[in-house]
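The values are calculated or read from the model by the stated rules, or taken from the named source; none is laboratory data. Remember, predicted model here, so these are calculated numbers, not experimental data. Cβ: placed from backbone, ideal geometry, glycine included. Neighbour counts: every protein chain shown. Remember, those area values only see protein heavy atoms, side chains included, never the ligands or the DNA or RNA. Shrake-Rupley method; radii C 1.70, N 1.55, O 1.52, S 1.80 Å.
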Amino acid sequence: MKTKLTALSLSVPVPGMPGGGLWTITPTLISSGDTHYLVDTGMPGMMEDLVAQLSSNGVSLEMLTGIIITHQDIDHIGNLSRILEINSRIKVFAHSDDAPYIEGKIPLLKPLPKMIEAFGANFSRNGNRIDHSVADGEQLDVAGRFIVIHTPGHTAGHISLYHPDSKTLIAGDAMVVRGDQLLGPNEAQTPDLPEAYRSLAKLTSYDIQKIICFHGGIFDTDANQWISKLASHVEDD
C-alpha cells in the first residue's frame, strides 16, 4: 500500500504578533490505506482548522491511528490532550528526552508566555501520554517505513523523520523555510544552537529530495545541497 505524506497548513491569529498576523504552521498527515498518523498537533486555538484540514483529506480524529510528536514546544503539542479525549485509542510517539515535558510532569522548556496567555484556556497537558519512546535510527512502521533521526538542539528530544521511499524528511523545527530559502533553526528559540547544527550534519547521510518544515512548509529545490551548506556551520563554529 502506497504511503501518502500530506503537508497540512494551519493558521490562527495571534495577539501580539507584529501586524497582528497569523501564526501558520505545517503538521504532516501520513496515510496508507486506513492507517493514519499525524506528525505534531498544532497550536492551541487551531483545533477547528486541524479538523477541517484532516476532513479535506478524508480523515477524522476518530480515524487517527497515532500521533508522532517531534518535540515539546506548545505549537507542536497544543492540541494533543484534546485529540486524546476524542480518540483514546491513538498511540503517541516521542523521544524520551522530551516525554516528561509533553506529559506535563515538568514545566515546558520554552513556555512562550504570550502564546499561553493568548490560548491558555485551550491549552492543557492533562491526559497527555507517550506510549512509545523513539530512539535515533529506529525504523517505525507507521503507514510506511520511516527512520527516526534524533536531531537535538532546538530541544533535547527533538526528532526528524525520514521516509526513504519518497526521500522526504519531516524536519520539525530543525530547519525553517523563509521565502525561497532553507534556513537553520530559529536561533531565538534554540537553546543549544551548536548542537542543532551538529544535528543538521547528521542529515547529510540521507538522500533527501523534499523537506517538510513545520515553519515554512515544503522545500524541494536541491535539498541535499542546501542541507550540506547549512551543516557547514558546524565546521565554521
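What is the extension gain from S166 to S205, computed as 0.36 nm multiplied by their sequence separation minus the C-alpha to C-alpha distance, in nm to one decimal?
On the way: separation 39, 0.36 × 39 = 14.04 nm, distance 1.57 nm.
Answer, rounded to one decimal: 12.5 nm.
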Cα-centred dipole magnitude for segment 145-237, charges only on beta-carbon of K, R (+1) and D, E (-1), debye, nearest 20: 300 debye
Scattering curve values for segment 5-95, log₁₀ I(q)/I(0), Debye with Cα scatterers, q = 0.14, 0.15, 0.17, 0.24 Å⁻¹: -0.46, -0.52, -0.66, -1.27
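Rounded to the nearest 5, what % of DSSP beta bridges with both residues in the chain are antiparallel?
Details: 29 of 42 bridges.
Bridges in the chain that DSSP calls antiparallel: roughly 70 percent.
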Under 18 Å from the K4 label point (7 Å along Cα→beta-carbon), backbone N, segment 157-200: 165-168
Which labelled figure in (i) 0.98; (ii) 1.03; (iii) 0.94 is Cα Rg over 2.2 N^0.38 Å, once derived from the coordinates: (iii)
For segment 36-57 versus segment 151-183, the gap between their alpha-carbon centres in whole angstrom: 19 Å
Cut-off under 5 Å, modelled amide H: who pairs with W23 long-range: V12, V14
Two-decimal log10 I(q)/I(0) for segment 98-237, as the Debye equation yields it once each C-alpha is a single scatterer, q = 0.10 Å⁻¹: -0.36
Bins of 5 Å, starting at 0 and running to the largest distance - Cα pair percent for segment 35-88: 5, 21, 34, 29, 11, 1
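Where both residues lie in segment 1-94, what percent of DSSP beta bridges are antiparallel, nearest 5?
Details: 13 of 19 bridges.
Counting only bridges with both partners in segment 1-94, antiparallel ones make up about 70 percent.
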S133-Q181 FRET efficiency (beta carbon distance; Förster radius 35 Å; 0.05 resolution): 0.55
In nm, spacing of pseudo-spin labels at A52 and D34 (7 Å Cα→C-beta vector): 2.9 nm
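Nothing charged except the Cβ atoms of Lys and Arg (+1) and of Asp and Glu (-1): what's the magnitude of the dipole of the chain about its Cα centre? Round to the nearest 20 debye. Don't jump to the answer; show the numbers that get you there.
On the way: 17 positive and 28 negative charges, 85 e Å.
Charge dipole of the chain: 400 debye, to the nearest 20.
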Relative contact order for the chain, counting Cα pairs under 8 Å that sit 6 or more residues apart, in percent: 16 percent
Added length on full extension, which subtracts the Cα-Cα distance from 0.36 nm per residue, K229 to I147: 27.3 nm
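Return the inverse of the average 1/r over all pairs of distinct C-alpha atoms in segment 163-237, which is the Kirkwood hydrodynamic radius, in Å to one decimal. Please report the intermediate quantities before stating the final value.
Working: mean 1/r = 0.0818 Å⁻¹.
Computed over segment 163-237, the radius equals 12.2 Å.
Using a 1.4 Å probe on the protein chains only, how many percent of the accessible area of the chain belongs to carbon and sulfur? All intermediate terms of the calculation are to be shown ahead of the outcome.
Details: 5000 of 10310 Å².
For the chain, the apolar C and S fraction of the accessible surface comes to 48 percent.
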Residues whose placed amide H lies under 5 Å from that of I68, excluding near-sequence neighbours: L38, V39, D40, F93
